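Taken together, the values in this text are just the output of simple stated rules run on the coordinates, not laboratory data. From a predicted model like this one, the values you see are computed outputs, not experimental measurements. Positions of Cβ are backbone-derived with ideal geometry, glycine not excepted, and every protein chain shown enters the neighbour counts.
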Amino acid sequence: MGDARLDLDGVDGAFVTIEGLPRPDWDVILKAAAGAGYAYGAGADLEPWTDLVRQWLVRLGSALGSAYAIGESDGFLVLSPFDDRNERASWLDRARSSIIKYTGMPNGDDMAKSVVMFFGEAEQYYSYVSASDDVAGEYIASAGCFISRGYCHVCVAPGPKWSIEHTLLHELVHMLMVAKPNPLWLEEALAEILPGVILDYSPFHVDHEMIERHQACWTPERLAAFWSGHAFGDGRDDVSELAYHLSELVTRRILQDWPKRFKEFFGDAMDTDAGQASALRHLGVGLDQLVADILGPGDWAPDPARICADLGIDPDAPEES
Ligand SMILES: [Zn+2]
């Protein structure tokens, strides 16, 4: 890297103010960092990048109020108005280790520190996230979300501890998995299952009535939207709720019947075929068969052409970097 630390106070346009809060313009910041000789890629020193992220959080924190400060651990930078910010950062380190151990995903030690923001007031949370035009995550209205644009981060609204922890872990799973294009059904299932593993509780429930609801809901057309991920945002009837539940049913079945092969299955599962090729290779059974075991016989196989159309992916195009 260059010999000087890049001070973002001296970079024109590094931040823009929206809804009263400073937002980094990462295009401007990356250009300035390149100009200052900041290197990235394999073997690069990550501390200068973490320092830029810290500068962003300091600036945002002072706009949010004097209680806000940064907590830090090996893998996380936490912006929080609460005194236990360092403990929260260490807790996140441990949660991340569990997620990595359970899924076999890459450990992310080639990345700068991950960011989690805790908000002390609901209004501040909404001011912050409402101006982020790329909010992923379905808990926006309630408790937290994952913002994938710019420098990925998770935001958590104030709330009861149990609710915050589950939401935080759900969005953390999404954030840690952002580098790989997972089938959404599988990622959502893990984002529900892993918080239960880490927090040592399981709200998952299945009974005769649930199975009947699934059998009444899913048609081949709706299941095609399940494989592409569109069903998770479907507001009709119970489609979205049942999509989450079905994703857990299928994933829990795989974890139970093929515990030793789960990591390989997960590692090779791609969004473009919903993980079908990986299931056939590592489990010796298609996803359509796993679904048929729940719904009964039917035309349940993922259709890559339909999935790519839903996802807006050109199946022949080289993968985006
Ligand atoms: Zn989710």
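Worth a mention:
- Between residue 163 and residue 39, the contour length at 0.36 nm per residue exceeds the Cα-Cα span by 40.7 nm.
- For the pair the range 104-132 and the range 228-284, the centres of their Cα atoms are 26 angstrom apart.
- Using the alpha carbons alone, the radius of gyration of the chain stands to its Kirkwood radius in an Rg to Rh ratio of 0.99.
- Between residue 200 and residue 241, the C-beta separation translates, for a Förster distance of 25 Å, into a calculated FRET efficiency of about 0.55.
- Contact order for the chain, expressed relative to its length and based on alpha carbon pairs under 8 Å spaced 6+ residues apart, stands at 11 percent.
- Taken about its Cα centre, the chain carries a charge dipole of roughly 640 debye when the Cβ of each Lys and Arg holds +1 and the Cβ of each Asp and Glu holds -1.
- Note on the range 46-179: Rg/Rh from Cα positions, Kirkwood definition for Rh, rounded to two decimals, is 0.93.
- In a fully extended conformation the segment linking residue 208 and residue 111 would gain 30.4 nm over its present Cα-Cα distance, using 0.36 nm per residue.
- Label-point gap, in nm, between residue 179 and residue 63 - each point 7 angstrom along Cα→Cβ: 2.9
- The length gained on full extension between residue 317 and residue 253, counted as 0.36 nm times the residue separation minus their Cα-Cα distance, comes to 19.7 nm.
- The chain: antiparallel DSSP beta bridges as a percent of all, rounded to 5: 65
- The peptide list 172-179, 297-304, put in order of mean Cβ contacts within 10 Å with the highest first, becomes 172-179, 297-304.
- Calculated from the alpha-carbon coordinates, the range 196-311 shows an Rg and a Dmax of 14.0, 39 Å respectively.
- Proximal lysines to residue 263, defined as alpha-carbon separation beneath 28 angstrom and excluding residues fewer than eight positions away on the same chain: 101, 113, 180
- Pair residue 123, residue 50: separation of 7 Å Cα→Cβ label points (nm): 3.6
- Relative contact order of the range 19-148, defined on C-alpha pairs under 8 angstrom at six or more residues apart (%): 20
- For the chain, the 222 nm mean residue ellipticity estimated from helices alone, with every DSSP H stretch of n ≥ 4 adding -39500 (n - 2.57) and the total spread over all residues, rounds to -15000 deg cm²/dmol.
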